[in-house]
Structure formats: structure tokens, C-alpha cells
Amino acid sequence: MVSHSGKPARCQALMIAAPASGSGKTTITAALAAWHRAEGRRVKVFKCGPDFIDPMWLADASGQPVDNLDLWLVGEQPCRHLLHRAALDNEVILVEAVMGLFDGTPSAADLAQRFGLPLALVIDASAMAQTFGALAHGLMHYRPGLTVSAVIANKVAGSGHAAMLAESLPAGLAFAAVERGEAFGERHLGLQLPAEQAQRSAILADVAGQLSRHAPRDWTREVAFEPADLPAVPPRLAGKRIAVAQDAAFCFIYPANLACLEQLGAELIPFSPLAHEPLPEADAVWLPGGYPELHAERLASHPTLPAALAAHHAAGKAILAECGGMLVLGATLDTLDGHRHTLWGLLPGAARMQNRLGGLGLQSLDLGAGVLHCHTFHYSRFESPLTPASHGQARRHGSQGEAVWRHGSLTASYLHAWFSSNPLATAALFGVCP
């Protein structure tokens, strides 16, 4: 995979950032994407950091798949390639930041500075007045080298409140206000999925309408994105068929991971366990993460999949189960409503949902074929009598590395791998060793 051109590509661009999670970045970014799209501009949206749910909302609003950008998980050169390619094919690039602007190593601020992205700051102003200006000032000046082109006050009480907030900002800085309104629903892993929100179009249209009063087209700046040539991916999975579970229960899939498997030469065969579709004939199976706990009763009643997976496993064919995909392979899954569901029983152990965070952060993993970049985020606990074959290595000091279980040809863990961080190690997960 190489860049389309050896020359820089210029495009209008903007990163939407905030001081903290929950400020409304996804809503604002999606509304901006919808507004640019309605104005007739082709807009490409990226999500900073490891995330599955926000990209679904951004893709729904922009009409294009959303890729992730992260200087460690994805890598600087792949990020450069993605931005350059997007600049060639689009009129506007929007990037939704992750958490708070300076949170994490690397942070959204690191990404903005590396690629020269201007910033629009989204601040939840629901419980403040003039301190709004102090917070904006701190974000603007905490690190030299960042450019803030707009400040957006979210959850504003009315025009009087908006005027007070605007007066606290430096003269000449673009300002926009979005009044309190109906919000997208949330649960333990973030926003609910777009398909579950019947009012999503109306909510986005309302926010986009409010933003449009403040000339949002002027917030973007032209950025020159340099090309990056990436090494070719060896076709180690040529001729291999991989069955991929894909539905509302197994929906945490990076488009880049599907692309990597195809670049490795694999033929991908999607199927829906929720629809009780049979397991396709395949050389390997991938059970990604998602929300199996919301569909446990339906998954438990699949008439053929447990036996088909057991036969696939007995034949020594590879199975990769990530996070939610691992939960359904245990003997039982206890959900928060007090029910115990008998699941597919391929992996010795049992899972239990919990109200507190079970794991969060970036981790690396080496199972003998090279290092893969991964991340973890879950509200459950999986206990197995098996001895873990390995553990992830957390990048944050003091964090616990996630256990990785290997049971015959099955590899299971809470870790979500970024496949293109090491295509050869990815091929090994699907049964083809270097």
C-alpha cells in the first residue's frame, strides 16, 4: 500500500477537541460533518484513539467509513498516509479527538501538532459563566504550537448565557453556542449505537442548524498533508477463508482491520450469529468484540453455532476471540439483570458483567510472531481454570496486562488488536505462522 502521489495534498481540516470526555465532541463533530455534507462538500472524518462506537456515529453523519488515527496504536506513518489519501479525495477533513485534549500518551494534542491540525474546542458550559474563558485560555496556551480557530460552548441555557460566555473570550476568536437539547443515549461502553437512536437525524439537524449560524466553514484551515509510502503487506493469508461475526452483538471492528486481512490475501465471509446464521465453511473464525451481553439470550439459543465452532476447533482451525467474542465462548455469562446464560462452552471459564471498569488502556502483545499494538476497554470479568499463555504489556505504569488464553487453535483475550501494526503476527493469529 503506497500513497496516491508523491506530492503534499492540501485540504481544509479541523480537529474537534475538549477538556474532558462527555463534553459533546461526538455530537458536535457529527453535526459538523452533516452540515458540510448538506452544503455539498465531501467530508472525511477520523477518530483519534482506539474507538469503535464514535466512528459509527461519524460514519452515519458523513456518509463515509471512519478511520482511526493514533500515533502509537496506528503509527505515525500510517496516520500520515491516511490523512494524505483523505486530502486527495475530499474537501474537508474532520478529526474527533479522544478524551481531553492533552490526555494520554500520545494525546490528541500530539496528533494535532504533528500534522498541523487546527482545533475547535468544545466545552460543556452548562454549569459555568466567565470561567468558560479561563478554561478556553488554559487549553489554548497550555502547549505552544497549537492553533485554536474556534471555541464551542455546549449545553448552553439560552442567548443570555451564550453572550456571557462569549464575552469571556479574547476578541476575534470564533465562538459558537449550542443550547441544551435531546442527547444521544449512553451506556457502559459509551454512546448507544446509531441504529438504536430513532431521533438521531433530528438531533444532528438541530445541532447543525445552531452551528451554521456561526460560519463553521471558517473554522477549518488549509493543511498540507505529506505522503507516506508504506511497506507492502505480504499475502500470507492468500487462499484462506475467514468467517467474521458481524452484527449488533459483534460490531467492534476497525475497517482498517478488515482491510489488513484482505491485503494479507484472505477472503472474508461475514455472518450473523444474532440472525442464527450457520458458521460458514472457513479456515479460520474471528469473533470480534461488541455487545453480546445485550443479546445473550438470543446468542445462547443459536441452534447450530456451538457445535459448528466445536467441530472447527477440533479440526485444529484457528479461532480469534476478542473481548465480547471471548465472553460468548465461555460456559456461562452472568448479566447485570441477575440472569445466567449458558453460552457456547468452547473456552473453559465463565464471564460476569460488572458495573465497574474492568480494564482500559493501550497494551502491546507478543505471542512469538512479533509485537501487536492493542487496546482494552471492558466492564466484565472472565475467569478461566486455564493458565494464561501470555499477558499484554500495558503502556501506562501500574496498569495490569490482560491475560491471553490459548486453548488448542483458539486465542482469546480482552485485547483488541490493530492488525496492521504487525501483519505477520496477525497472520499467525489466523493460523499461518511466519
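Read the figures in this text as sums done on the coordinates, not as results from a lab. Remember, it's a predicted structure, so these values are computed and weren't measured experimentally. All Cβ positions, glycine included, derive from the backbone under ideal geometry; neighbour counts span all protein chains shown.
With both labels modelled 7 Å from their Cα along Cα-to-Cβ, the Gln199 to Thr105 distance reads 4.3 nm. For the chain, lysine pairs with C-alpha atoms less than 21 angstrom apart, excluding pairs fewer than eight positions apart on the same chain, total 5. The reciprocal of the average 1/r between distinct C-alpha atoms defines the Kirkwood hydrodynamic radius, which for the chain equals 22.7 Å.
Based on the Cβ-Cβ distance of Gln130 and Glu226, what FRET efficiency does E = 1/(1 + (r/R0)^6) give at R0 = 45 Å, to the nearest 0.05? After rounding, the FRET efficiency stands at 0.65. Arranged from fewest to most other beta-carbon atoms within 10 Å of their beta carbon, His214, His407 become His214, His407. Taking 20 °C and 1.002 mPa s as the conditions, I'd like the Stokes-Einstein D for region 38-149 in µm²/s, using the Kirkwood hydrodynamic radius from alpha carbon pairs. Rounded to a whole number, D works out at 142 µm²/s.
Averaging Cα coordinates gives a centre for region 278-299 and one for region 329-343; these two points are 15 Å apart.
Both radii were evaluated on the Cα set of region 241-429; the Rg over Rh quotient, with Rh as the Kirkwood radius, amounts to 0.93. Classification of region 9-225 by its C-alpha gyration tensor yields a rounded form. The axis ratio a/c (a ≥ b ≥ c) stays under 1.5.
Peptides 280-286, 290-296 ranked from most to least packed by the mean count of surrounding Cβ atoms within 10 Å: 290-296, 280-286. Subtracting the Cα-Cα distance of Gln393 and Glu179 from their residue separation scaled by 0.36 nm leaves 72.7 nm. Contact order, relative form, for the chain: 14 percent (alpha carbon pairs under 8 Å, 6 or more residues apart, mean separation divided by residue count).
Fewest-first ordering of Ser420, Ser168 by other beta carbons within 10 Å of each residue's beta carbon gives Ser168, Ser420. Remark: the Gln77-Asn355 segment gains 96.3 nm on full extension, using 0.36 nm per residue and subtracting the alpha carbon distance.
Assuming R0 = 56 Å, what is the FRET efficiency of Arg10 and Ala315, from their Cβ-Cβ distance, to the nearest 0.05? The pair Arg10/Ala315 has a calculated efficiency of 0.60. Between Leu424 and Arg114, the FRET efficiency from the beta-carbon distance, with R0 = 35 Å, is close to 0.85. Against the longest principal axis of the chain, how steep is helix 53-62, in degrees 0 to 90 to the nearest 10, with axes from Cα atoms? The helix 53-62 is inclined about 60 degrees to the chain.
What do you get for trypsin sites (Lys or Arg not before Pro) in region 351-395 restricted to DSSP loop and a cutoff of at most 11 other Cβ within 10 Å of the site's Cβ? In loop regions of region 351-395 (DSSP not H, G, I, E or B), the sparsely surrounded trypsin sites (Lys or Arg not before Pro) are Arg356.
A convex hull fitted to the Cα coordinates of region 256-318 yields 93 cubic angstrom per residue.
In this structure the amide hydrogen of Val223, modeled in the peptide plane, comes within under 5 Å of the amide hydrogens of Cys11, Gln12, Ala13, none closer than 5 places in sequence on its chain. Taken about its Cα centre, the chain carries a charge dipole of roughly 460 debye when the Cβ of each Lys and Arg holds +1 and the Cβ of each Asp and Glu holds -1. Axis angle, to the nearest 10 degrees, between helix 305-314 and the longest C-alpha principal axis of the chain: 60 degrees.
Taking 0.36 nm per residue of sequence separation and removing the Cα-Cα distance, the Ser149/Leu336 pair yields an extension gain of 62.9 nm. Here region 231-274 and region 20-35 have alpha carbon centers that stand 29 Å from each other.
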